[in-house]
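The values are calculated or read from the model by the stated rules, or taken from the named source; none is laboratory data. Source: prediction; values computed, not measured. Glycine gets a Cβ as well: all are built from the backbone with ideal geometry, and neighbour counts include every protein chain shown. These accessible areas exclude ligands, DNA and RNA; they are computed on the full protein's heavy atoms, side chains included. Shrake-Rupley method; radii C 1.70, N 1.55, O 1.52, S 1.80 Å.
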Amino acid sequence: MLSRLSPQELASLYDESREKMPPQEREEWLDQRLAEQVKFAYENAPAIREKFDKAGVSPHEIGTLRDLEKLPVTTKDELVRLQQANPPFGGFLAVPLNSLRRIYVSPGPIYDAWGPERVKAQLRAYLRAGYPRPGDVVLVSLAYHMVPAGLFLTDVMDLMGCTVVPAGTGQSELQVKLLHDLQATALLSFPSFTMSVLKKAEEMGYDVRRDFNLRYVVGGGERHGQILKKTFQEQYGLIVGDGYGTADAGPVAYDCGLGQGYHYDDEVCVIEIVDPETGKQVSPLQVGEVVVTLFSHVYPLVRFGTGDLAAYTDEVCSCGRTSPRITKILGMIGEHIRVKGMFVHLRELDEAMSKFPQVSKYQMVLGLEEHRDRITLNLEVEPGVDRQALSEAIVRRCQDVFKLRMDKIEFLAEGTLPEDYEKFVDRRWSQG
Ligand SMILES: [Zn+2]
């Protein structure tokens, strides 16, 4: 449990005037810090040194954001491989392992180094939004084991001075009771789970506006968050917080409260949107991969490709902040996919299915049903297989390997899937 910060300490965390610097001044400020950061990373993180040396680039050559293009992007898949070849952090850690406050483990598996700098970044996001506030009773309905979710936000809420209910995931009926009995003011959860809890409350005969004290929920972290955000605001009168981050890089962009996309968080990182093929920065409103360079003295990732596709705008926002904004997260590239708030790596799907030689082809199809992610696993199998028994075994196996339940197993006629079929098919965009 972390000590609560005083109002003065909270206020000192966040300087709005810095976020409203004239664009030219902002650029110089970033360039100067970037030059220092890449030197630090080169000297302290062996994997970063290797990345520079392999590319034949000296850290002295990186003086501006544009100079970053001289370096290759490290993809999430490469990060997984590098960590596995040289565990635990693949040479990206700049401090002794036991100086870390938290090591989270994301599906991959991938190790994530988290500490006070990320907690403070998230705390600043809440301070900007104005919610949750000191004195709020907050239900943290996110996973508490392995991944940076429940425990991370508990750390943040501790500093803020909130009362935390570590509710975890599932048991929506109990969550409704907690919301009601404790008169919780904020619910931190994935939007689809928040929706399930609100629906459950109505089923149980509650009127959310009348019987609860709920003011604040979260809208980010899932693809169809935007649809739910509207519902939360319009139907339930809730304030919806939003932001963008990844398990590897932490919180890196925030919604200023106007819902105009995610401002780059200049305090914690430099963001580039790049063409995934060439690694070159794209123009505003063009689609590219979100690539992050962290101002971190702990885990100084340089040009880390998040795998998320997005577009950005550099028009000054009506809030007055001058950092560019990610206008929308548009999808994912690479060999992993985010579903039900979790990452599944293609290798994990392959590993799960390797136990079933009677399955000749398998394909995971992601769709939406109402507001929830729905996973269908398409299979082509040998003739004469006991489909019921196989389905049950596969559902169990998938749950063991990547902690997700398949909603439906579909048996396809042999030859339905072409030779060059995709193992992941995402239909959630076209549906929503
Ligand atoms: Zn803004």
With a/c under 1.5 counting as rounded, go ahead and sort the stretch 221-362 into rounded, prolate or oblate using the C-alpha gyration tensor (a ≥ b ≥ c being the square roots of the eigenvalues; past the cut-off, prolate if a/b is larger than b/c, else oblate). oblate
If you count only protein heavy atoms with a 1.4 Å probe, what accessible area per residue comes out for the stretch 237-290, rounded to a whole Å²? 33
One finds the C-alpha centres of the stretch 140-187 and the stretch 389-407 to be spaced, in Å, by 28
Would you mind counting up the charge near Val385? Only other residues with Cβ under 13 Å from its Cβ, with Lys and Arg at +1 and Asp and Glu at -1. -4
Equivalent ellipsoid semi-axes - Cα gyration tensor, the chain, angstrom: 34, 31, 20
Trypsin sites (Lys or Arg not before Pro) restricted to the stretch 1-69 and DSSP loop, no more than 16 other C-beta within 10 Å: Arg4, Lys20
Report the Cα centroid-to-centroid distance between the stretch 20-36 and the stretch 271-335 in angstrom, as an integer. 17
Test item: Cα-centred dipole of the stretch 273-340, Lys/Arg +1 and Asp/Glu -1 on Cβ, debye: 240
Please work out the average accessible area per residue across the stretch 163-207, using the 1.4 Å probe convention, and give it in Å². 43
Farthest toward positive dipole pole in the stretch 262-419 [+1 Lys/Arg, -1 Asp/Glu at C-beta], among His371, Tyr299, Cys269: His371
With a 1.4 angstrom probe the carbon and sulfur portion of accessible area for the chain, in percent, totals 50
Karplus ³J(HN,Hα) for the stretch 19-35 (6.51 cos²θ - 1.76 cosθ + 1.60, θ = phi - 60°; Hz, whole; x = Gly/Pro) runs 6, 10, 4, x, x, 5, 5, 4, 4, 5, 4, 5, 4, 5, 5, 5, 4
Cα centre as origin, Lys/Arg/Asp/Glu Cβ charges: the chain dipole, Debye: 860
5 Å is the cut-off here: which amide hydrogens, built 1.01 Å from N in the peptide plane, fall below it relative to Asp426, excluding neighbours closer than 5 in sequence? Leu366
For the stretch 295-432, with only Lys/Arg (+1) and Asp/Glu (-1) charged at the beta-carbon, what is the dipole magnitude about the Cα centre, in debye rounded to 20? 620
Sorted by chain and number, the residues with a modelled amide H under 5 Å from that of Gly331, at a separation of 5 or more or across chains, are Leu309
Less than 12 Å Cβ to Cβ from Asp248, Lys/Arg counted +1 and Asp/Glu -1: what total charge do the surrounding residues give? -2
I'd like the chymotrypsin sites (Phe, Trp or Tyr not before Pro) in the stretch 272-339 restricted to DSSP loop residues with at most 10 other Cβ atoms within 10 Å, sorted by number. none
Compactness ratio of the stretch 72-145: Cα Rg over 2.2 N^0.38 Å, N = residue count? 1.40
Those trypsin sites (Lys or Arg not before Pro) from the stretch 325-432 that are DSSP loop and have at most 14 other Cβ neighbours within 10 Å turn out to be Lys355, Arg405, Arg427
